[in-house]
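Read-outs: derived from the displayed coordinates by stated rules, not from any lab. Owing to the predicted nature of the structure, the values given are computational and were not obtained by experimental measurement. As a convention, Cβ positions derive from the backbone with ideal geometry for all residues, glycine included, and neighbour counts pool all protein chains shown.
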């Protein structure tokens, strides 16, 4: 059964019921393995168990998963029944096939769990860096809003920085897509393992024909499984390289943003100094204007007094006789 077809809500309800029945963390993880594998047909992984149970550290589900596969191998140990094959050869063939299946499954589960956890940490770190850059950008915008008309050029540069920040957000979205692709790769590998197990079961039904033919068939299957696992590892490495390049590009853009903001802050400081000097000159000129206005008023008063005196003298002058 494919994991995506399972009702995740119902699965979580069943896990919560197991939490009540099994308070011990080890017992709870063991029963969760049984629930996923036997009831729902889901191949349990350490990451999936931790997402459902949420107890202990990441080592707890990994340890429980290893014990589960070990017990399952012991209980389902393959027996070959054929009257013409010696008992020792039957036992050796069964042990060989069981060991091959267990090693392939454990290697796939362990490799995927480690890479998925590492990818999750990298994505969280990138998101935190993007949030820090966004907070710094908001602080720079608040400072630029307090500037006057002379700071219009600085506001234009801030707009360019906001565009660069949008590019950083797009880079983070690309990293999230890469993570989703990695999860899809994990699910694909789980389906491949399920199909491989089915093929193993079909091949075991024909072991009675010839032991030699059985060994050759399973050697071929082993080689194919190793090739598939190697191909999946190469895909994971490619995804990690893409994520590293995106993270490096985001860091470069953020450094450039910080440098631009520092230059803008220097420009603002210089403009503020110039503005202060201009305000001082304006104050000085205002004082001079007040002094000149006072002198003008005194001059006007003197002029008015002189005009009054002239008017009186003109009025007192005797008129000439006709």
**Report entry** Rg to Rh quotient for segment 156-284, alpha carbon positions, Kirkwood Rh
**Finding:** 1.49
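Kindly state, to the nearest 0.05, the FRET efficiency for residue 40 paired with residue 174, given R0 = 35 Å and r defined as their beta-carbon distance.
In this case the efficiency is close to 0.55.
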Query raised in the report: Going highest first, how would you order 227-238, 24-35 by mean Cβ packing within 10 Å?
Result: 24-35, 227-238
Report task. Determine, from the Cβ-Cβ distance of residue 136 and residue 294 and an R0 of 45 Å, the FRET efficiency 1/(1 + (r/R0)^6), rounded to the nearest 0.05. Result -> 0.25
Requested in this report: For segment 1-76, report the convex hull volume of the alpha-carbon atoms normalised per residue, in Å³, without decimals.
Outcome: 83 Å³
Query raised in the report: Extension gain residue 206-residue 51, at 0.36 nm per residue separation less the Cα-Cα distance, in nm?
Result: 51.8 nm
Query raised in the report: On full extension of the chain, what length is gained from residue 278 through residue 237, given 0.36 nm per residue of separation minus the C-alpha to C-alpha distance?
Result: 8.6 nm
Query raised in the report: So between residue 222 and residue 129, what do we pick up on full extension, going 0.36 nm a residue minus the alpha carbon distance?
Result: 29.1 nm
Query - Distance (nanometres) between label positions extended 7 Å along Cα→Cβ at residue 152 and residue 309 - result: 5.6 nm
Query raised in the report: For the pair residue 25 and residue 251, what calculated FRET efficiency results from E = 1/(1 + (r/R0)^6), where r is the Cβ-Cβ distance and R0 = 35 Å, to the nearest 0.05?
Result: 0.35
